[in-house]
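Enquirer: Pasting a structure here, questions to come.
The values are calculated or read from the model by the stated rules, or taken from the named source; none is laboratory data. Just so you know, these numbers come straight off a predicted model, no measurement behind them. All Cβ positions, glycine included, derive from the backbone under ideal geometry; neighbour counts span all protein chains shown. Please note that ligands, DNA and RNA were not included when accessible areas were found on the heavy atoms of the full protein model with its side chains. Shrake-Rupley method; radii C 1.70, N 1.55, O 1.52, S 1.80 Å.
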Amino acid sequence: MSRLESMYRRIGAQISGLNWAVEVIADLPGDVLELGLGNGRSYHHLREKLPNRFIWVIDREMNAHPSSVPPDEYFLKGEAEAMLARMVSGGVRLALAHYDFGVGVDEVDDAEARRLSPAIRSVMVPGGLIVTQQRLEGFSLETGPDDIARGRYFFYRA
Ligand SMILES: C[S@@+](CC[C@H](N)C(=O)[O-])C[C@H]1O[C@@H](n2cnc3c(N)ncnc32)[C@H](O)[C@@H]1O
């Protein structure tokens with residue numbers, strides 16, 4: 001499979017997974033977090049699907065398309081671990097987190113996801129959902145939507 005085809009599948013899985021997660025958390029209290037703003041595509045999607053939730057964003061830099069720039073007060077610019085600690089001390093708790101920090105190199109991305117797992121856990125409400133392409137640790141794995149091939153995207157419960 002070419003990288004282009006792989007990206008096409010990944011984006012399809014991302015949309016399907018996020019849409020599924022939006023339904024699943026409907027009755028859970030808490031805010032939403034995008035880990036990795038990048039161009040802002042998935043943040044833009046979450047904002048469209050969840051207009052009534054506060055959506056926080058963590059990224060070490062701002063490179064988003066102008067249509068997808070979060071409000072200043074919800075953009076936490078810096079390294080993930082420090083920003084997650086800031087959220088915890090500010091009393092923020094999350095119903096949904098979308099983890100999208102990957103650079104596309106499995107070993108690098110998996111190690112980073114494992115390292116950040118405890119910090120992510122500390123900001124979730126009980127039963128909160130994490131949607132991610134990387135394997136996290138210390139959560140319960142859920143099956144997710146039927147149309148996503150096993151192992152392409154992961155759905156974890158705090
Ligand atoms: C793949 S891009 C995100 C793509 C984005 N979700 C989209 O749909 O356009 C990953 C982003 O995560 C950020 N990032 C990666 N690791 C990080 C870390 N440990 N702390 C803060 N930001 C990080 C990078 O700066 C980059 O902008």
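Enquirer: Exactly one of these conditions fails for ARG47: (1) assigned to a helix (DSSP H, G or I); (2) open to solvent by 40 Å² or more (accessible area, probe 1.4 Å); (3) touching a strand residue (DSSP E or B) at 6+ places or on another chain (Cβ under 9 Å); (4) more than 14 Å from the ligand (Cβ to nearest atom). Give me its number.
Expert: So the condition that ARG47 fails would be (4).
Enquirer: Something else about it: Considering only strands (runs of 3 or more DSSP E) fully contained in the range 56-158, which possess at least 2 residues that are under 15 Å from GLY38 (Cβ atoms)?
Expert: By residue number, 75-77, 94-99.
Enquirer: PRO126 fails exactly one of the following numbered conditions: (1) surrounded by fewer than 19 Cβ atoms within 10 Å (Cβ to Cβ); (2) within 18 Å of ASP59 (Cα to Cα); (3) at pLDDT 95 or above. What is the number of that condition?
Expert: Evaluating PRO126 over (1) surrounded by fewer than 19 Cβ atoms within 10 Å (Cβ to Cβ); (2) within 18 Å of ASP59 (Cα to Cα); (3) at pLDDT 95 or above leaves (2) as the failure.
Enquirer: I need the full set of residues from the range 24-43 which are open to solvent by 10 Å² or more (accessible area, probe 1.4 Å), more than 8 Å from the ligand (Cβ to nearest atom) and touching a residue at least 12 places away in the same chain (Cβ under 8 Å), in order please.
Expert: VAL24, LEU28, PRO29, GLY30, ASP31 - these are the residues of the range 24-43 that are open to solvent by 10 Å² or more (accessible area, probe 1.4 Å), more than 8 Å from the ligand (Cβ to nearest atom) and touching a residue at least 12 places away in the same chain (Cβ under 8 Å).
Enquirer: Filter the range 64-106 down to residues that are away from the ligand (no atom under 14 Å from the Cβ) and of a type in the set (Gly, Ala, Ser), then give me how many there are.
Expert: 4
Enquirer: Suppose we keep only residues that are open to solvent by 90 Å² or more (accessible area, probe 1.4 Å) and not hydroxyl-bearing (Ser, Thr, Tyr) within the range 1-23. Which one would you say is modelled with the highest pLDDT?
Expert: Taking the candidates together, the pick is GLU23.
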